[in-house]
Structure formats: structure tokens, C-alpha cells
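All remarks here apply to the structure that follows.
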Amino acid sequence: MKTIKVSVVTPDGPVYESDVEMVSTKAQSGELGILPGHIPMVAPLQIGAVRLKKEGNMEFIAVSGGFLEVRPDQVTILAQSAETASEIDVERALRAKERAEQRMREQKTAHIDFRRAELALQRAINRLAVSERRML
Ligand code: ATP
């Protein structure tokens, strides 16, 4: 089976590197699936799951936005933050979700703070989904 090398990198360092059969994720323009031999491209990502098909199994990584770059032999994901499913602290994500929901209830009038809370909520919900190996 043909494979492509995938690296997920954050400002704190590399999070994942492996040869996989397929990468799928949510670009800002919609669902994106990449197989070996895909044409080169760069796409901004949404907060979401990166799914990697490796030796027939699916692996999940939570990413909080960033960019995906496809080169002939390599996919690089540069993310603000990224965690593999097993690295996710579920209690922490639940606390972040609670906090964000509370802020959104309190700050309906302050637009900027509301948006910040909304993004924090999306990150938390995404982490909870990825920890259960499912998509948002
Ligand atoms: P929190 O409010 O819990 O910090 P956050 O969404 O504001 O959540 P980020 O700013 O996206 O957090 O991430 C900060 C760092 O903490 C990153 O390195 C990220 O990978 C890590 N991180 C955040 N939440 C979790 C989690 N639930 N489990 C594991 N790592 C996490």
C-alpha cells in the first residue's frame, strides 16, 4: 500500500510523525482527503480532527486551526495546538468547556469576548470528540 509522510508541528514542537495511507481533515473550505500523490497545496484548517489511516486503523489528532501543506511526498500540518487522542486530558477539556459556556452566558453583549469564548468552546468540544475518537 502506498503511503505519505505526515508531520504535525506546533509552536511547542512536533506532535506526530508517521507514514500513513490517508489524511483527512476539515479545511476552512470543507472536508479534505489526501492520498499519496495528491497535488501540492496549502489550506487553512478549522478547529477539528485530523484523521490518519495507518495500517488500516484510524488515528485521531485534535488540532486548533493552522495550516496544512501538501508536497509530493509529505503532508505538514502547522497547528496552534495539537494533541493525539490519548494525550487529551478529558477533565481539563470538560473544565474548559464549562468555563467557555459560562463566559458566553455572561458576555452576550461584549462581542470580542463572546467570540473568544466561542472558540475556546469549540476547542474543548473538539478535544472531547477526539478523545472518544470521533469527529465534531
Ligand atoms: P485550557 O483553557 O484548558 O488551557 P485552551 O483551549 O485555552 O484550553 P490552548 O491554548 O489551545 O488551550 O492550548 C494550550 C496548551 O495546552 C497546548 O499545548 C495544548 O496542546 C494543551 N492543551 C489544552 N487543552 C488540553 C487538554 N484537554 N488535554 C491535553 N492538552 C491540552
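Between Arg134 and Arg99, the FRET efficiency from the beta-carbon distance, with R0 = 35 Å, is close to 0.95. Taking only protein heavy atoms and a 1.4 Å probe, what accessible area per residue, in Å², does the chain have with all protein chains in place? The answer is 58 Å² per residue. Axis of helix 90-106 versus longest Cα principal axis of the chain: the two differ by about 50°, to the nearest ten degrees. Under a Gaussian network description of the chain, with springs only between Cα atoms under 10 Å, the residue in Gly48, Gly33, Gly13 that fluctuates furthest is Gly13. The GNM of the chain, with springs linking C-alpha atoms under 10 angstrom apart, assigns the highest mean-square fluctuation among Ser64, Ser18, Ser29 to Ser29. Roughly how many whole Å is it from the C-alpha centroid of the stretch 63-136 to that of the stretch 2-50? Centre-to-centre distance over Cα atoms comes out at 17 Å. For Met58, the shell of other residues with beta-carbons less than 11 Å away shows a net charge of +2, using +1 for Lys and Arg and -1 for Asp and Glu.
Taking amide H positions as modeled 1.01 Å from N, with prolines and chain starts lacking one, the residues under 5 Å from Tyr16 and 5 or more places away or on another chain are Val8. Relative to the dominant Cα principal axis of the chain, helix 111-131 is inclined by about 50°. Across the stretch 45-62, rounded Karplus estimates of 3J(HN,Hα) from the backbone phi angles (6.51 cos²θ - 1.76 cosθ + 1.60, θ = phi - 60°) give 9, 8, 5, x, 9, 9, 10, 10, 8, 10, 6, x, 9, 9, 10, 10, 10, 8 Hz, Gly and Pro being marked x. Dividing the convex hull volume of the alpha carbon atoms of the chain by its residue count gives 103 Å³ per residue.
Lysine pair count for the chain with Cα-Cα distance under 26 Å and sequence separation of 8 or more or different chains is 10.
Full extension of the chain between Ser7 and Ile112 gives 34.5 nm of extra length, using 0.36 nm per residue less the Cα-Cα distance. Starting from the Cα of Gln28, move 7 Å in the Cα-to-Cβ direction to define the label point; list residues of the stretch 54-81 whose amide nitrogen is under 20 Å from there. Answer for the stretch 54-81: 63-71, 76-81.
The values are calculated or read from the model by the stated rules, or taken from the named source; none is laboratory data. These figures come from a predicted structure and were not determined experimentally. Neighbour counts run over all protein chains shown; Cβ positions are idealised from the backbone, glycine included. The accessibility values were calculated without ligands, DNA or RNA, using every heavy atom of the protein model including side chains. Shrake-Rupley method; radii C 1.70, N 1.55, O 1.52, S 1.80 Å.
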